[in-house]
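One structure is given here, and the rest of the page talks about it.
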Amino acid sequence: MIRIENICKKYPKSTQYALDNVSLQIEKGEAFGMLGPNGAGKTTLMSIITTLALPTSGNVYVDGEKVSRTRTDIKSKFSLVTQHVSIRKDMTVSEVMELAGRLYGMPLKQIKEKSDDILEFTGLIEKKKSVARGLSGGMQRKLMISRALLTEPRIIVLDEPTVGLDPHSRRKIWDLLISLKQKNITILLTTHYIEEAQNLCDRVALINKGKVSKIDTPERMIADLGEYTVDTFESGKLHSEFFFTKEEAYEYAKDIPGKTKIRETTLEDVFIKKMGTELGDEL
Amino acid sequence: MTDASVKEKKLLDKIIRDEAEVSSDFRKANAFTGTMTALWEMWAEFHHEWKRITVASLITPFLYMVALGWGLGAMINTGDRPYIDFLVPGLVAMAGMNNGFTSVGMSFSTQRLYERSFDQVLISPTPLPSYIFGKMLGGALRGMYTGVLILLLSLIFGTSINVNGWFFLLMLLNGMVFSALGVLAALLAVTHADISRFSTFVIAPMTFLCNTMFPVDRMPVVVKGIINVLPLTHASGGLRGIAYGGGASWVNFVVLAAYAAAFMILTSIVLVKRRNL
């Protein structure tokens, strides 16, 4: 279980808090999503959980133990896929994997065997002798995901892991995340593909301007807004209204002149509605 | 389910094991694995580019030997020994400094600021001081590699100097000092250019002033005092003492060891305490 307690983070030379008194709890084996606009503080929170950055105040606990850069026992439970590509580009694919395994104290034999299985799954086995610099952006991301799996984490932190991946590869990563969930591995995910969060996450937190504005299951968030949406197009602008029943939606739509569309509400609607309200017209 | 998806499912089951299975495996990052990992990383870096590294590291010492050893050297009074014998230990000390600082500092700065691959080290369970110690050792070994090449090259220039185990120990300590300084500079750097600036302000002056190319005896007292506390002075002085057959002072060893320890401690503190790396 991860417990985040009153985390505040202020970067040097910044007048605003990147995270402002954030507290939340993530259960063991839970897939927890963090959604928010750019600059909301999601990556900062991920960085603090994994000790990449240290908070200005507040603490993070894993299974009741306080996380710090010197707590190697806690750190061995984590793997992180960063938003930016973070691999040694002068190394070959298999060297990148070996470095990760060595950093986690894995025996060499195990590193080599496991690397081959993972690279086969992610489709990089043919590239294992290629230098990382020569891989495409999508392949570099797959390599980062492969590396994160090698060390068999109990908590996997994924900061926009599927950015730049083709739809097929993205689906494959989804399958992978589902398998991780089945093995009771805790997943922390940020993504701009809200469909990804809706399909994979047990709960999501909406984060904006360094604060958590809502935490709930995607289903409950959708139900709270209304499970049916009527989209209307007025002067080239999309406008959505939300309803709790299909009948209410039809009733509303029939009086609207012009093109309308009735559909099921998605988490993206919740996100846009919530963030739109909080940001005014900034979005 | 297609054959491909059955195969994928099997692979996934193999890749993601149950918690009990994972925890029963022996695996633990510790100080030893941390040091060895950093050393392995530097070896991987070296073996990709060893030809370029070798050639590049010999050009400057070769030019110094030609320009100063054969050229200006005839005009410099270094007592009863030829100037080339004076110069070579200084060049070996310089090579230790430059290689230690560059191979570790520049590379570390690239990993931290540009490739961001240092993030993976930071979040890993490897004890960070042991990783730094491995980097220091790796940088020192790179310096020693160049040092040995310089010693071999110097034979062409007719040097006759004494080299023994103490000589190599001093080379190792010298390389460790500047590798640790390289890591520290790379950790404090805000941009990659800061490392070059650090090199200009700290490394370049030492290259010329620290008893490497000319004796410092005739320097003004204050300048000599400052030069005498700098680590490279102790490296070049100690190496020269051994090269001349007289041996190095224990002070040289102690000063270099103290610098190496101080830089390593400072680096470890920065790594553990600095909020934004």
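Given Cβ point charges of +1 (Lys, Arg) and -1 (Asp, Glu) and nothing else, what value in debye, to the nearest 20, does the dipole of the protein assembly as shown about its Cα centre take?
I would put it at about 1700 debye.
More than 33 angstrom separation, counting every C-alpha pair in region B:33-273; what % is that?
Cα-Cα pairs of region B:33-273 separated by over 33 Å account for 16 percent.
Would you work out which of A:T92, A:S57, B:A248 lies farthest towards the positive end of the dipole of the protein assembly as shown? Charges go on Cβ: Lys and Arg +1, Asp and Glu -1.
About the Cα centre, the residue reaching furthest to the positive side is B:A248.
Along region A:134-145, what does the Karplus equation 6.51 cos²θ - 1.76 cosθ + 1.60 (θ = phi - 60°) give for ³J(HN,Hα), rounded to whole Hz, x for Gly and Pro?
x, 7, 6, x, x, 5, 5, 5, 4, 5, 5, 5
In nm, what is the difference between 0.36 nm times the number of residues separating B:F208 and B:I226 and their Cα-Cα distance?
Extending this stretch completely gives an extra 5.1 nm.
Taking A:K259 as the anchor, which lysines have their alpha carbon closer than 26 Å to its alpha carbon, excluding any fewer than eight residues away along the same chain?
Qualifying lysines at Cα under 26 Å: A:K237, A:K246, A:K273, A:K274.
Looking at chain A as a GNM with Cα springs under 10 Å, which of A:S146, A:S14, A:S179 has the largest mean-square fluctuation?
Between A:S146, A:S14, A:S179, it is A:S14 that shows the largest mean-square fluctuation.
Quick one: net charge of B:G138's neighbours, Cβ under 9 Å, K/R +1, D/E -1?
Cβ neighbours under 9 Å give a net charge of 0.
What are the residues whose amide H is under 5 Å from the amide H of A:L80, where those residues sit 5 or more places off or on another chain and H is modelled from the backbone?
Those qualifying (amide H under 5 Å, at least 5 residues apart or on another chain) are A:V157.
With viscosity set to 1.002 mPa s at 20 °C, what whole-number translational diffusion coefficient in µm²/s follows for region A:166-212 from Stokes-Einstein and a Kirkwood radius over Cα pairs? Walk me through the numbers before you get to the answer.
Details: Rh = 11.8 Å.
Stokes-Einstein gives a translational diffusion coefficient of 181 µm²/s.
Order by neighbour count: B:M36, A:M1, B:M176, fewest other Cβ atoms within 10 Å first, most last.
The order, fewest Cβ neighbours first, is A:M1, B:M36, B:M176.
Anything over 20 Å Cα to Cα? Flag those among A:K112/A:K183; A:K42/A:K114; A:K109/A:K129, in the order listed.
In this structure, A:K112/A:K183; A:K42/A:K114 exceed 20 Å between Cα atoms.
With a 10 Å Cβ neighbour count serving as the proxy for reagent exposure, in which order, fewest first, do A:D63, A:D216 appear?
A:D63, A:D216
Suppose every K and R has +1 on its Cβ and every D and E has -1 on its Cβ; what is the size of the dipole of region A:2-217 about the Cα centre, in Debye to the nearest 20?
On the way: 34 positive and 24 negative charges, 119 e Å.
Rounded to the nearest 20 debye, it is 560 debye.
Alpha carbon centre of region A:257-276 versus region B:226-277: separation in Å?
Centre-to-centre (Cα) distance: 66 Å.
Just going by the charge dipole of region A:2-217, with Lys and Arg at +1 and Asp and Glu at -1 on Cβ, which of A:V67, A:Q198, A:G29 is farthest out on the positive end?
A:V67
Please give the length that would be gained between A:E251 and A:I272 if that part of the chain were fully extended, namely 0.36 nm times their separation in residues minus their C-alpha to C-alpha distance (nm, one decimal).
The span from A:E251 to A:I272 would gain 5.2 nm if fully extended.
Most mobile of A:G105, A:G29, A:G58 per a Gaussian network model of chain A (Cα springs, under 10 Å)?
Most flexible of the set in this elastic network: A:G105.
For peptide A:147-153, what's the mean number of Cβ atoms from other chains within 10 Å of each residue's Cβ?
Per-residue shielding by partner chains comes out at 3.
How far apart, in nm, are the 7 Å Cα→Cβ label points at B:A74 and A:Y11?
If labels sit at B:A74 and A:Y11, their model points lie 6.1 nm apart.
May I ask for the distance between the Cα centers of region B:202-224 and region A:11-63, given as a whole number of Å?
50 Å
Which residue, B:P82, B:P127, B:P205, has the most motion in a Gaussian network model of chain B that connects Cα atoms within less than 10 Å?
B:P205
Quick query: amide H of A:T265 versus all other amide H atoms, modeled in the peptide plane; which residues come in under 5 Å with a sequence gap of 5 or more or a different chain?
Those qualifying (amide H under 5 Å, at least 5 residues apart or on another chain) are A:Y228, A:T229.
For each of B:L152, B:L271, A:L150, count neighbouring Cβ atoms within 10 Å of the residue's Cβ, then give the residues from fewest to most.
Ranked by crowding around the Cβ, least crowded first: B:L152, B:L271, A:L150.
Under 5 Å between amide H atoms, partner at least 5 residues away or on a different chain: which partners does A:A31 have, H built in plane at 1.01 Å?
The list, which skips near neighbours in sequence, is A:I187, A:D202, A:R203.
Over the C-alpha atoms of region A:1-89, what are the Rg and the largest Cα-to-Cα span, Dmax, in Å?
13.3, 38
For a quick size check, give me the Cα extents of the protein assembly as shown along its three principal axes, largest first, whole Å.
107, 54, 45
Mind checking Rg over Rh on region A:153-254, alpha carbons, Kirkwood formula for Rh?
Here Rg/Rh amounts to 1.06.
How high is the FRET efficiency between A:A223 and B:D3 when r is their beta carbon distance and R₀ equals 45 Å, given to the nearest 0.05?
Between A:A223 and B:D3 the formula returns 0.65.
Efficiency by 1/(1 + (r/R0)^6): what FRET value for B:I269 and A:V131, r their Cβ-Cβ distance, R0 = 30 Å, to the nearest 0.05?
Given R0 = 30 Å and the Cβ-Cβ separation, E is 0.30.
Please list, by residue number, everything in region A:34-75 whose backbone N is under 14 Å from a paramagnetic label point 7 Å out along Cα→Cβ of A:H84.
Residues passing the 14 Å test: A:43-44, A:47, A:52-53.
Check cross-link reach from B:K273 to the aspartates and glutamates: straight Cα distance under 20 Å, and skip same-chain residues fewer than eight apart.
The qualifying aspartates and glutamates are A:E5, A:E65, A:D73, B:D119.
About its Cα centre, how strong a charge dipole does region B:171-277 have in debye, to the nearest 20, once Lys and Arg get +1 and Asp and Glu get -1 at the Cβ?
Result for region B:171-277 is approximately 220 debye, rounded to the nearest 20.
Nearest 0.05, what FRET efficiency do B:Y114 and A:T70 give at R0 = 25 Å with Cβ-Cβ as r?
Taking R0 as 25 Å, the efficiency between B:Y114 and A:T70 is 0.40.
Hey, what's the Cα Rg ratio for region A:221-279 versus the globular rule of thumb, 2.2 N^0.38 Å?
Values: Rg = 11.3 Å, N = 59, 2.2 N^0.38 = 10.4 Å.
Here the answer is 1.09, to two decimals.
Pairs A:K9/B:K9; A:K66/B:K135; A:K9/A:K172: which are spaced more than 31 Å apart, C-alpha to C-alpha?
Checking Cα-Cα distances, A:K9/B:K9; A:K9/A:K172 exceed 31 Å.
Please list B:215-221, A:131-137, A:191-197 highest first by mean number of surrounding beta-carbon atoms within 10 Å per residue.
A:191-197, A:131-137, B:215-221
Once the mean 1/r over all distinct Cα pairs of region B:109-179 is inverted, what Kirkwood radius in angstroms do you read off?
By the Kirkwood definition, the hydrodynamic radius is 14.3 Å.
To the nearest whole number, what is the average tally of beta carbon atoms from other chains within 10 Å of the beta carbons of peptide A:97-108? Intermediate results must be reported in sequence, preceding the final value.
Working: counts 0, 4, 8, 4, 2, 10, 14, 9, 13, 6, 4, 1.
Per residue, the number of nearby Cβ atoms from other chains is 6 on average.
Which of the aspartates and glutamates could be linked to B:K14 by a straight reach, that is with a Cα gap under 18 Å, when you skip same-chain ones fewer than 8 residues away?
Partners within reach: A:E113, A:D116, A:D117, A:E120, A:E152, A:D175, B:D3, B:D25.
Where a number appears in this text, it was derived from the coordinates with a stated rule and is not lab data. The shown structure was predicted, so the numbers you read here are calculated from the model rather than taken from an experiment. Please note: Cβ atoms are built from the backbone with ideal geometry, for glycine as well, and neighbour counts cover all protein chains shown.
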